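Participant: Just dropping this structure here.
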Amino acid sequence: MKTADAKQIGILCADDQPVFTAVASQLRDAGHTVRFFDPRSELSPTHIDDLALLVNKQVFPLNLPVLRYARRTGTPLWNNLVATIALSSRLIGLRALETVGFRTPQITFEKPEFEYVAKPCYIWHGDPELNGEGGFYQERIHTEPIDYKYYAVNDGARVQTAAKRVTSKLHGPKRFLNQVRPKPTLTRRLRRLVTRLDLRGVGIDFVKDDEDRFWAVDVNLAAGYRDSELEPALYKSIRVNLPDR
């Protein structure tokens, strides 16, 4: 049912993404209108002029001009524009992780002699590749082929976190293994990142070495939040960031 304070919300995300589809359903139940925009298709100002909020879940370069337009004309973005642009650079993202205290692997710009992960410099230029070609080369931490994915969502009252184990995409298709209890040290640093960069939602990928040390290897503002059970937090975060009028 539409109410007097109903708002039109845009989500820059595929319309079959399971987590944000569920969140959109909750928003519609609360009386809001929700429209998905394909992040790989160019947006124009007319697409967002009537929006109360644009949830920039996934961003590609062709849509950066309209995000700048949104900022200039007062349409709020869920994750702020400066962080969205800065963290699209994997190198800046790794530096941000170091700044809040995370351990990160060694990086080189020439292929190293040790085993490495090749990465494009920007998140939209493809996935990392084991011992392949890339814009830079990250030392491969020797561990089992498992990633630990941590998520944080600022719901307006607190920063909620969740963590899970998945198989590494470096060795085949990613597969969910199980949820895990977030490590307090990692969540403290994750919350510090959210606060310093004024984020609403973020994901970080970790690997764990043979000495049980966690290494942060990527930061992702386009996190999918699958199997995190953070749908209620995402719903609250979007609601609380809607303008009052």
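The values are calculated or read from the model by the stated rules, or taken from the named source; none is laboratory data. Owing to the predicted nature of the structure, the values given are computational and were not obtained by experimental measurement. A quick note on method: Cβ atoms are made from the backbone with ideal geometry, for glycine too, and the neighbour counts reach across all protein chains shown. Keep in mind that these areas ignore ligands, DNA and RNA; they rest on the heavy atoms of the full protein, side chains included. Shrake-Rupley method; radii C 1.70, N 1.55, O 1.52, S 1.80 Å.
Participant: Scan (i) 61, 35, 32; (ii) 71, 39, 38; (iii) 46, 42, 30 for the value of Cα extents along the principal axes in Å calculated from this model and give just the label.
Facilitator: Step by step, Cα extents along the principal axes in Å for this structure corresponds to label (i).
Participant: Probe of 1.4 angstrom, ligands and nucleic acids ignored: what's the accessible area per residue over the chain, in square angstrom?
Facilitator: Values: 12190 Å² over 245 residues.
Roughly 50 Å² per residue, with all protein chains present.
Participant: When the accessible area of segment 87-227 is split by element with a 1.4 Å probe, what percent falls to carbon and sulfur? Mind showing how you got there, number by number?
Facilitator: On the way: 3180 of 7050 Å².
Carbon with sulfur: 45 percent of the solvent-accessible area.
Participant: Follow-up. Students often get this wrong: which residues of segment 194-233 have the backbone nitrogen under 18 Å from the point 7 angstrom along Cα-to-C-beta of Val240?
Facilitator: Output list for this probe position: 194-203, 229-233.
Participant: Alpha carbon centre of segment 64-102 versus segment 8-62: separation in Å?
Facilitator: Comparing the Cα centres of segment 64-102 and segment 8-62, I get a distance of 18 Å.
Participant: Hey, can you grab everything whose amide H is under 5 Å from the amide H of Leu87? Only 5+ residues off in sequence or another chain; H modelled, so Pro and N-termini drop out.
Facilitator: Long-range HN contacts for Leu87: none found.
Participant: Which one, Ile123, Val180, Gln8, is farthest towards the positive end of the dipole of the chain when Lys and Arg carry +1 and Asp and Glu -1 on their Cβ?
Facilitator: Toward the positive end, the furthest listed residue is Gln8.
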